[in-house]
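This report concerns only the one structure given below.
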Amino acid sequence: MMMFADGLFRPLVALVISALTVIHLIDRPPHLPVLTWTLTVVAIAAAVVSAFVLERLSERWAIAVVTVFVLASAPMFALAPATAGVAFVFLATSTAGRRLQDMRLAVGLAVVGALLAMISTWVVVTPDGPEWWLCLTAGLPVFFGLIRRERANAQVAAEYAAALEERGRIAREIHDVVGHSLSGIAVQLDMADALHAAGKSDEANQAVLRARALAVSGLKETRRAVHALKDAALPLPESIAKLAESHGASFRVIGEDAVSVEIAQAIIRAAQEALTNAHKHAPGAEVDLVLEYTATTIKLTVTDDGPGGEQGSGMGINGMRERAALLGGTLFAGPEGPGWTVRMELPR
């Protein structure tokens, strides 16, 4: 919004100053008409270029345009003191600070402009000429330009950081949704192949059907993830209940309240990853999920009574830890009691 407003304001200011300067010079003929009109034309041309096309020019051409703008507008202090042309030098030094990448060059041009304006008042003496010390203010707008440029750079950096964060979020969604579905399908198809080789065709067909069911479920979860990325609210307890049911796990809820989309996503993906790991590393174990709401936190606990083999490595667990950390929460994944426990706790 700020950049859009600046893109309209600066051209408008340049055009208004140019028009008023021409009107004033026609109404009040200058002391040195040829030199004054020549510098006016050059200053107007530089002002128009600076306002409309300067951002699209290379740095070398931008330096040339701004330098011409400063050098042509500074003498207007002495040559046309009673006109709007005096404002050109302020616009020129502000443009130097806003556009030029080299801060020292921008400040140097501002100093040169102020000194040139001051020297011009000494050389060209007119009845209504300004005091020499007023010319020193001609370089001050360079600092306003520098501040505006730094704000614009900070805004761009913030937008870039937000884009990187969103890419990371989408990458986690792709891994958690697609990776969960594909790993489950692969396990079922490997099982079907082994059962078929052992002559157990009926059981092999059942494994294929389970693989198909996982594929359908994965498609639904992918659609849900896309929907969530558009900031739609997820029915968290219902989502966890369906996940538990599809994996043959028990599920219970303690309390209930609304949570943000990001927190709901993190909890759902943690449940998916924990269920996948439980079936992969502790096949046949009983798995229990508990979703607990408190006044300040929401906690998901997934436990199994398997042998407690190593489940805490890989991108899935790391992704859950990353999700929890980004939301200011914690994740525990390790042996606890007779089996393995995954516990994600997030602030609400």
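Scanning the stretch 258-305 for residues that are in contact with a strand residue (DSSP E or B) (Cβ under 8 Å, 6 or more places away or on another chain), closer than 17 Å to GLY319 by Cβ and either among the charged types (D, E, K, R) or outside the structural domain of LEU331 (by TED's automatic domain parsing) (or both) turns up just one, GLU273. Of all positions in the stretch 43-51, at least one carries a residue that is assigned to a helix (DSSP H, G or I), in contact with a Lys or Arg (Cβ under 8 Å, 6 or more places away or on another chain) and either among the acidic types (Asp, Glu) or touching a residue at least 12 places away in the same chain (Cβ under 8 Å) (or both). Counting residues in the stretch 180-201 that are surrounded by fewer than 17 Cβ atoms within 10 Å (Cβ to Cβ), under 30 Å from VAL111 (Cβ atoms), among the basic types (Lys, Arg) and at pLDDT 80 or above gives zero.
If a residue has to be part of a helix (DSSP H, G or I) and touching a helix residue (DSSP H, G or I) at 6+ places or on another chain (Cβ under 8 Å) to count, how many in the stretch 232-261 make the cut? Outline the logic, then answer.
As a first pass, look at the stretch 232-261 and keep what is part of a helix (DSSP H, G or I): 236-246, 261.
Add one more test, that the residue is touching a helix residue (DSSP H, G or I) at 6+ places or on another chain (Cβ under 8 Å), and what stays is 236, 239-240, 243-244, 246, 261.
Here the count works out to 7.
Taking the numbered list (1) farther than 24 Å from ALA78 by Cβ; (2) touching a residue at least 12 places away in the same chain (Cβ under 8 Å) in turn, VAL112 passes all entries but (1). For the stretch 52-73, residues that are assigned to a helix (DSSP H, G or I) and without any contact (Cβ under 8 Å) to a residue 24 or more places away in the chain total 5.
Among the residues of the stretch 73-90, those identified as within 40 Å of the chain's Cα centre (by Cα) and surrounded by 24 or more Cβ atoms within 10 Å (Cβ to Cβ) are SER73, PHE88, VAL89.
The values are calculated or read from the model by the stated rules, or taken from the named source; none is laboratory data. Remember, predicted model here, so these are calculated numbers, not experimental data. Positions of Cβ are generated from backbone atoms using ideal geometry, with glycine treated the same way; all protein chains shown enter the neighbour counts.
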